[in-house]
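To start, the structure itself, in structure tokens.
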Amino acid sequence: MARRVVVEAFGGPEALRLVEAEVGEPGPGEIRIRHEAVGLNFIDVYQRTGLYPLPLPAAMGMEAAGVVEAAGEGVTHLKPGDRAAYAANPPGSYCDARVMPATQVVRLPDGIAMETGAAMMLKGLTAQYLFRSTAKLKAGDTVLFHAAAGGVGLIACQWARAMGVTLIGTAGSDEKCALAVEHGAAHCVNYAREDWPAEVRRLSGGGVPVVMDSVGRSTWEGSLDCLTPFGLMISFGNASGKAPPVEVGTLAAKGSLYLTRPTLFTHIATRERTQAMADDLFEMVGSGKVRIPVEQRFPLEQAADAHRALEARRTTGATVLTL
């Protein structure tokens with residue numbers, strides 16, 4: 001038996017329920033993993049509220065780190081006793097232990113702590129695909145990155161510095177802006193102030209070729225206004241609510257813009273791709289180029305309080321649930 005956090009009806013943080021559930025044995029292609037730490041992400045909020053609907057009752061959580069207890073038939077890259085970490089479907093990481101598909105689970109290098117592993121997989125792999133695959137950034141490029149003091153944001157600031165990319169961040173307070181700059185942002189704009197797009201255009205000398213926006217509704221129009229002709233708008237989250245419907249003619253009027261809405265789980269659909277992306281992330285973290293700041297910790301039974309803090313923008317960096 002293991003503790004597990006589930007929702008039986010979509011709603012606020014109070015919808016999260018701690019229950020006891022049987023763990024069972026892994027089948028073909030599966031492992032059983034006992035967690036040591038669990039990562040918290042905004043996608044958990046989207047699933048809890050029904051913005052990203054799941055069949056109910058639904059287990060919560062997309063990433064964690066722990067020790068493999070058993071491996072099913074056909075699993076060759078993991079064995080009992082291995083330290084492992086993942087960002088993976090189906091949801092269900094808010095628990096002591098679980099049986100799950102092994103495809104997106106990878107061995108965690110010995111030099112990376114369990115809490116770090118739990119906090120880095122979804123957010124770190126997101127930064128990896130945004131930089132390497134979606135935008136294909138290179139040294140000398142410039143990017144606008146919203147929520148630069150958040151979990152993905154602080155990783156992105158460091159990744160940009162390591163690559164020689166100029167990252168202009170936004171955040172909701174002067175303190176968060178200072179944190180983003182400390183982690184590698186060239187500039188950070190407080191978007192609680194008026195006309196932040198004008199400030200971004202001033203800092204960039206007229207606009208940026210790439211915007212990475214996980215905020216959604218409240219930054220959407222301003223993000224488009226920050227792009228130079230032929231610029232790329234990457235929408236990868238909805239922290240302030242869904243982005244408004246797109247009138248395709250607007251992309252033409254604002255300079256023949258490109259728009260994409262990628263997801264991590266398309267990128268890690270195969271075992272080989274998951275491992276290649278994880279290896280890149282592990283190299284960045286293992287070399288010290290990227291640190292994973294775990295700034296908040298909540299016991300598993302206080303998952304609702306963790307969600308409240310996340311939605312109220314009271315968190316910086318990564319948050320983990322402890323077991």
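The values are calculated or read from the model by the stated rules, or taken from the named source; none is laboratory data. Keep in mind that what you see is a predicted model, and the values were worked out from it rather than measured. Backbone-built Cβ (ideal geometry, glycine too); neighbour counts: all protein chains shown.
Pairs under 7 Å by beta carbon, first residue more than 13 Å from VAL210 (Cα to Cα) in segment 138-150, partner part of a loop (DSSP other than H, G, I, E, B) and among the hydroxyl-bearing types (Ser, Thr, Tyr), six or more apart or different chains?
ALA147/SER214; ALA149/THR316
Residues that are among the polar types (S, T, N, Q) and touching a residue at least 24 places away in the same chain (Cβ under 8 Å): does segment 99-110 have at least one? Step through it out loud before you land on a result.
The initial filter retains those residues of segment 99-110 that are among the polar types (S, T, N, Q), namely 103-104.
Right, trim to touching a residue at least 24 places away in the same chain (Cβ under 8 Å) and you get 103-104.
Among the residues of segment 99-110, at least one is among the polar types (S, T, N, Q) and touching a residue at least 24 places away in the same chain (Cβ under 8 Å), which makes the answer yes.
Restricting to segment 66-104, and then to whatever is outside any loop (DSSP other than H, G, I, E, B) and within 17 Å of MET277 (Cα to Cα), can you tell me which residue is nearest to the chain's Cα centre (by Cα)? Even if it seems obvious, please write down each step before you answer.
Kept after step one, since they are outside any loop (DSSP other than H, G, I, E, B), are these residues of segment 66-104: 66-71, 83-87, 95, 97-101.
Restricting the remaining residues to those that are within 17 Å of MET277 (Cα to Cα) gives 84-87.
Details: ALA84: 18, ALA85: 14, TYR86: 12, ALA87: 9 Å.
The qualifying residue nearest to the chain's Cα centre (by Cα) is ALA87.
Could you go through segment 115-125 and let me know if any residue there is assigned by TED's automatic domain parsing to the domain that holds MET277 and surrounded by fewer than 20 Cβ atoms within 10 Å (Cβ to Cβ).
Yes, because at least one residue in segment 115-125 is assigned by TED's automatic domain parsing to the domain that holds MET277 and surrounded by fewer than 20 Cβ atoms within 10 Å (Cβ to Cβ).
Cβ-Cβ below 7 Å, separation at least six or inter-chain, first residue in segment 210-222 and within 13 Å of ALA192 (Cβ to Cβ), second in a helix (DSSP H, G or I): which pairs?
Here the result reads GLY222/TRP196; GLY222/PRO197, each pair linking segment 210-222 to a residue that is in a helix (DSSP H, G or I).
Can you tell me which residue is nearest to the chain's Cα centre (by Cα) among those in segment 223-250 that are within 17 Å of PRO197 (Cβ to Cβ) and in contact (Cβ under 8 Å) with a residue 60 or more places away in the chain?
Residue satisfying both the conditions and the ranking: ILE234.
Would it be correct to say that VAL23 is touching a residue at least 60 places away in the same chain (Cβ under 8 Å) and over 17 Å from ASN238 (Cα atoms)?
Yes; evaluated as a whole, the condition is true for this residue.
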